[in-house]
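Structure first, then comments.
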Amino acid sequence: MQETEIKILIDKIINRDRKAFEKLYDDYCAALYTLTLKILGQQEHLAEDALQETFLKIWNSIHTYNADKGSIYTWMLNIARNTAIDKLRANKKNNKNQSLENNVITINKKIYDTQKTDGIGLYEVLNTLLPEQKILIEMAYYQGYTQEEIAQALNIPLGTVKTRMRAAMLDLRNKLNVSEFGR
Amino acid sequence: MDVKEYISSGILEAYVLGACSEQESKEVECMSHIYPEIKQELISLQQQIEKFSNQNSISPPAYVKRNILMQINSEKRLQIPKLNNSKGNYLLLKYGMAASILFLIVTIVIAIYINNKLLISENKIVSLTAENNTIKKENYTLDSIIQQKIAALNMLTASENEIIPLYSAQNKPEQSEAVIFWNKKAKDVCLSIKYLPAPPENKQYQLWAIANNTPVDLGVFEINSKDEIFLMKKTDNPDAFAITLEPKGGSINPTLNEMYVIGKVDYTN
């Protein structure tokens, strides 16, 4: 969708146009669901609940979206991500206590299991990163760790976390540009 | 502050990956707002993440959409986020004001209408008062006429009154006629004109009593309306009464050829 189209759609949703909201859902639900699913370790029932919550949050707080801070897509991704991570943490609390490292490994395993062989997946790209870089991205983005928390969990200096994260992002960007990913 | 240094510090990457502390996040947003270069870098990074998210995306099951739509439809239809509530309040204010102004206009129109009616009423009162005054005057006049009539009636009926008709004299209009009421006791003389031709401007009628062949002036009178009764001078023993037309103000002696009416007193009763 073009920028102006998106703006019109958002205005309609602010004015409680349900049809406009449906369109937003149709266009973005897959991307948000995929992220949600990844964060929740492919647990579908949890992911479906989280996705529902995500879109209800979007509906109820659409008027707080500030175009100055970024695109509506990023805004929605962040809502989806936060909702999913909250559900992950809540779910973890209900389950037996697992060590942090175990969680990371488990999730890694799960992520690998869902690799697609056809087409180009994010994880192919992630996999091309250096392991120490990849884990930072995973922990930060998919598990909601702050840099401080990562430094603590992996027992490495905060500065190292910062530089590695930057390098990882740069690497990803380059690889994405090269391999012509995109919509 | 060195923008390049800030960008290469990696804080922006941490921000888009959600790995910043709250403090750092606020800092990034602030910097991005001030420095367009930083904002540009930030947007670029966000777009990377967006691209990631588009890879091999899996669609959620259809019932999720149904649930979401059901949920938002069950909300009160009027639930509008804060932004639009102010719009609603503004609308309410607009309608409120419009209603107030309308009310004011209607009130003014009614006031003008009532005032008009009031003015008309006042005018009516003025004209009615004038009419009333006129009627009062007429009443006075009628009262005096009634008094005269009563007096005339009294005279006619009073026993001591001698009624002496005066008939037209020679060479004078035949219709000329008058009546004298002479009170034998009090010697009062009342004159009632039945008919006398209207006198010229410079002339006036004069009444005489004739006693011992000598005319005695009993006064002049002015004919204004019909059936007037004049109280004239007294006379003791008249033989006759006569009316002549004299110059205005009367004469010492009567102009005999200007005698219009004359009547003898009958002493035989």
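The values are calculated or read from the model by the stated rules, or taken from the named source; none is laboratory data. Remember, predicted model here, so these are calculated numbers, not experimental data. Please note: Cβ atoms are built from the backbone with ideal geometry, for glycine as well, and neighbour counts cover all protein chains shown.
Quick look at the values:
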read-out	value
Which numbered condition A:T54 misses (of (1) at pLDDT 95 or above; (2) closer than 17 Å to B:Q55 by Cβ)	(2)
First in region B:80-99 and closer than 16 Å to A:K12 by Cα, second anywhere and at pLDDT below 70 and part of a helix (DSSP H, G or I), Cβ under 6 Å, 6 or more apart	none
Members of region B:177-225 that are among the basic types (K, R) and modelled with pLDDT of 90 or more	B:K203
Among (1) at pLDDT below 55; (2) in a helix (DSSP H, G or I), the one test that A:T74 misses	(1)
Residues of region A:1-20 that turn out to be in a helix (DSSP H, G or I) and within 7 Å of chain B (Cβ to nearest Cβ), as a count	2
Residue ID - nearest to A:N174 (Cα to Cα), chosen from residues in region B:2-47 that are part of a loop (DSSP other than H, G, I, E, B) and free of Cβ contacts under 8 Å to residues at least 24 places away in the same chain	B:G10
Residue within region B:194-207 that is of a type in the set (G, A, S) and assigned to a strand (DSSP E or B) present	no
Residue match in region B:12-35 (condition: closer than 15 Å to A:L77 by Cβ, more than 7 Å from chain A (Cβ to nearest Cβ) and touching a Ser or Thr at 6+ places or on another chain (Cβ under 7 Å))	yes
Elements of type helices (runs of 4 or more DSSP H) in region A:89-178, at least 1 residues being modelled with pLDDT of 85 or more and among the small types (G, A, S)	A:147-154, A:158-178
Residue tally, condition in a helix (DSSP H, G or I), over 25 Å from A:I10 (Cβ atoms) and not aliphatic (A, V, I, L, M), over region A:25-47	3
Where a residue in region A:142-166 is at the interface with chain B (Cβ under 7 Å from one of its Cβ atoms) and more than 19 Å from A:N78 (Cα to Cα) and its partner, wherever it lies, is assigned to a helix (DSSP H, G or I) and polar (S, T, N, Q), with Cβ under 9 Å and at least six apart	A:K162/A:Q147; A:R166/B:S8
In region B:229-269, the residues that are within 60 Å of the chain's Cα centre (by Cα), at pLDDT 90 or above and part of a strand (DSSP E or B)	B:I243, B:T244, B:L245, B:E246, B:P247, B:Y260, B:V261
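For every residue, the table says whether it meets (1) loosely packed, with under 12 Cβ neighbours inside 10 Å; (2) out of contact with any Phe, Trp or Tyr (no Cβ under 6 Å at 6 or more places or on another chain); (3) touching a residue at least 24 places away in the same chain (Cβ under 8 Å).
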residue	(1), (2), (3)
B:S159	yes, yes, no
B:P165	no, yes, yes
B:S168	no, yes, yes
B:N171	yes, yes, yes
B:E174	yes, yes, no
B:E177	no, no, yes
B:F181	no, yes, yes
B:K185	yes, yes, yes
B:L191	no, no, yes
